[in-house]
1. Of everything in segment 12-29, what is surrounded by fewer than 17 Cβ atoms within 10 Å (Cβ to Cβ) and under 17 Å from residue 53 (Cβ atoms)? Give them in sequence order.
2. Which of the residues spanning segment 1-36 are modelled with pLDDT under 85 and either over 22 Å from residue 82 (Cα atoms) or of a type outside the set (Asp, Glu) (or both)?
3. Of the residues that make up segment 66-77, is at least one of a type outside the set (Ser, Thr, Tyr) and modelled with pLDDT under 95?
4. Give 163, 207 a once-over and let me know the one that is closer than 17 Å to residue 126 by Cβ and of a type in the set (Asp, Glu).
5. Would you mind stating whether residue 122 is open to solvent by 20 Å² or more (accessible area, probe 1.4 Å) and over 27 Å from residue 69 (Cα atoms)?
6. Tell me which residues, restricted to segment 125-160, are under 13 Å from residue 203 (Cα atoms) and among the hydroxyl-bearing types (Ser, Thr, Tyr).
7. Report the residue count in segment 183-211 for those that are exposed (fewer than 13 other Cβ atoms within 10 Å of the Cβ) and of a type in the set (A, V, I, L, M).
8. Specify which of the listed residues (180, 171) is open to solvent by 100 Å² or more (accessible area, probe 1.4 Å), at pLDDT 90 or above, among the hydroxyl-bearing types (Ser, Thr, Tyr) and under 25 Å from residue 124 (Cβ atoms).
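The values are calculated or read from the model by the stated rules, or taken from the named source; none is laboratory data. Only a predicted model underlies this, so the values are computations on that prediction, with no experimental measurement involved. Heads up, the Cβs are rebuilt from the backbone with ideal geometry, glycines too, and the neighbour counts pull from every protein chain shown. The accessibility values were calculated without ligands, DNA or RNA, using every heavy atom of the protein model including side chains. Shrake-Rupley method; radii C 1.70, N 1.55, O 1.52, S 1.80 Å.
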Amino acid sequence: LSMIEEILVPRLNDKSQSVRHTAIQAAGIFLGTYKSVSVVDSSTTPTKDNSHLALFEGLLWSMWHDPSVANRVEAIRAVPIDSAETLDHVIARIRDVKEKVRNAAVDALRLKVDPRRQDIMTQEHFREIVRSGLTERCESTNNATMTLICTKWTKAAKFCPVELMRLMGATMYEEECEKTLRVVLKMARVPSSTKTNSILQELSDPEIRSL
């Protein structure tokens with residue numbers, strides 16, 4: 001395994017975009033996080049062994065600095081989100097200059113992070129996601145964040161607004177919590193529009209009724 005890592009790490013900085021892209025994909029498979037499950041709990045959370053730290057840090061570098069948009073997107077998909085520190089890096093990519101990268105970061109949060117895991121997802125993280133994702137400057141990023149809120153966060157809170165506000169820290173971050181509730185109310189009040197159907201498509205009919 002160490003030999004594989006020794007081969008992959010230099011390829012993350014290869015001159016060829018396609019070589020870097022393939023190396024990022026291979027690193028994700030190597031770390032056991034590529035095509036992650038939709039709910040990460042304590043029994044399935046992947047962990048990064050210290051012996052693989054160079055590979056993990058290489059993925060973080062690719063996420064931040066690779067000049068290729070496709071490669072930054074792939075790095076976001078590949079990196080394991082198994083700590084609050086790693087989550088910081090992913091949330092920061094919601095502010096990337098490229099729309100595809102921003103949306104990939106929000107999608108990674110939806111697919112790989114259980115908002116109930118307070119050892120990973122803090123109230124400050126909720127605040128930053130709402131601040132960065134619910135933006136009028138980019139409709140697609142805004143819609144992706146609305147999907148995250150309505151299909152992952154509300155479901156984690158068992159569609160209870162009080163529990164959702166508890167998770168988010170309403171007493172400290174009132175403005176962001178109010179924005180979140182406005183999104184939920186907006187979706188609940190217009191349950192059959194084209195936009196709503198797109199955002200809520202991952203929920204079952206009983207879940208939509210609960211929302």
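1. 13
2. Hits for segment 1-36 are 1, 2, 3, 4, 32, 33, 34, 35, 36.
3. Let us first name the residues in segment 66-77 that are of a type outside the set (Ser, Thr, Tyr), namely 66-67, 69-77.
Still in the list and also modelled with pLDDT under 95: none.
No - not one qualifying residue is present in segment 66-77.
4. Working: 207 fails: closer than 17 Å to residue 126 by Cβ.
Only one candidate qualifies: 163.
5. In short, yes.
6. 147, 151, 154
7. Of the residues in that region, 2 qualify.
8. One residue alone meets the criteria, 171.
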